[in-house]
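Every number here is computed from the coordinates shown, using simple stated rules; none is lab data. Everything quoted here is computed from the prediction, not taken from an experiment. So basically every Cβ, Gly included, is an ideal-geometry build from the backbone, and we count neighbours across all protein chains shown.
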Amino acid sequence: MDADLTVALTFVSCLTLSYLVGSIPWAYAIVRLTTAEDITKHGTGNVGAMNVRRTTGSWLWFTVAMVADALKGLLPVAIAKWLALGTLLHPVGVAMQSGQLDRHSMALIPMAAVAGAVLGHNYSLWMAVVLRRPFRRTGKGLATGAGSLLAYDWRYFAAVLVVGLLTIAITRYMMAGQVAASAALPASALLLHSPDWPFALAMGALVYTAHHKRFVGLLRGEEPKLYVHDRSGPRG
């Protein structure tokens, strides 16, 4: 089989399988099993870890949901990266710069896994079936995106984590930290002169888009500080 065709088929397979894994609504399942509630009717309405906290009032179940969502990103990307590079140690951008990849097109395989996992979390196929509402945004992709970045490039993961947490600590607004984290991804790629910066920019934009509505609300003074309690803040 032609090498380019093999890469293309692998790309499509990784994108599709990662999307299906990313679509698994762990937060929805956790809340259903522990409280019999529908998580989409509480808090922001998102199927994510923080909304598990808002719905259940439990930091334990928040942690379980956070880890489960992170693994949805980490595992598909780790497998895709191994297929493309044959190692999990080197960041994809470094492999592109060093010539470790035979062709830069091979870098598209782990990129496809990152994009698929985040898109799956943000627009879950399984939740579309459960709610009978296709194309509804179901999450914001932070935990799943973080897990993906940890496998894809630990430097990006560190930058996003540090910037996000520092911003929350300084401003006391979770939304500010989340938006700062999405901006930190392309910024770190540019500072590192990594050749995959267009991909980092696209993923940062994808995550920001999910936060745009409430970020505008933050600028208008409508976002509560440390929004962790049900019914205490805006939807979206």
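Among the chymotrypsin sites (Phe, Trp or Tyr not before Pro) within the stretch 106-215, those in coil by DSSP and having at most 15 neighbouring Cβ atoms inside 10 Å are PHE135. Taking other residues whose beta carbon is less than 11 angstrom from the beta carbon of MET111, and scoring Lys, Arg as +1 and Asp, Glu as -1, yields -1.
Of the complete DSSP H runs in the chain, those spanning 24 angstrom or more by Cα along the long axis with a mean Kyte-Doolittle score not below 1.0 are 3-22, 59-85, 154-171, 174-191. Restricting the trypsin sites (Lys or Arg not before Pro) of the stretch 131-236 to loop positions (DSSP other than H, G, I, E, B) with no more than 16 neighbouring Cβ atoms within 10 Å leaves ARG132, ARG136, ARG172, ARG220, LYS225, ARG231, ARG235.
Computed per residue of the chain from DSSP H runs no shorter than four, each worth -39500 (n - 2.57), the mean residue ellipticity at 222 nm is -22500 deg cm²/dmol.
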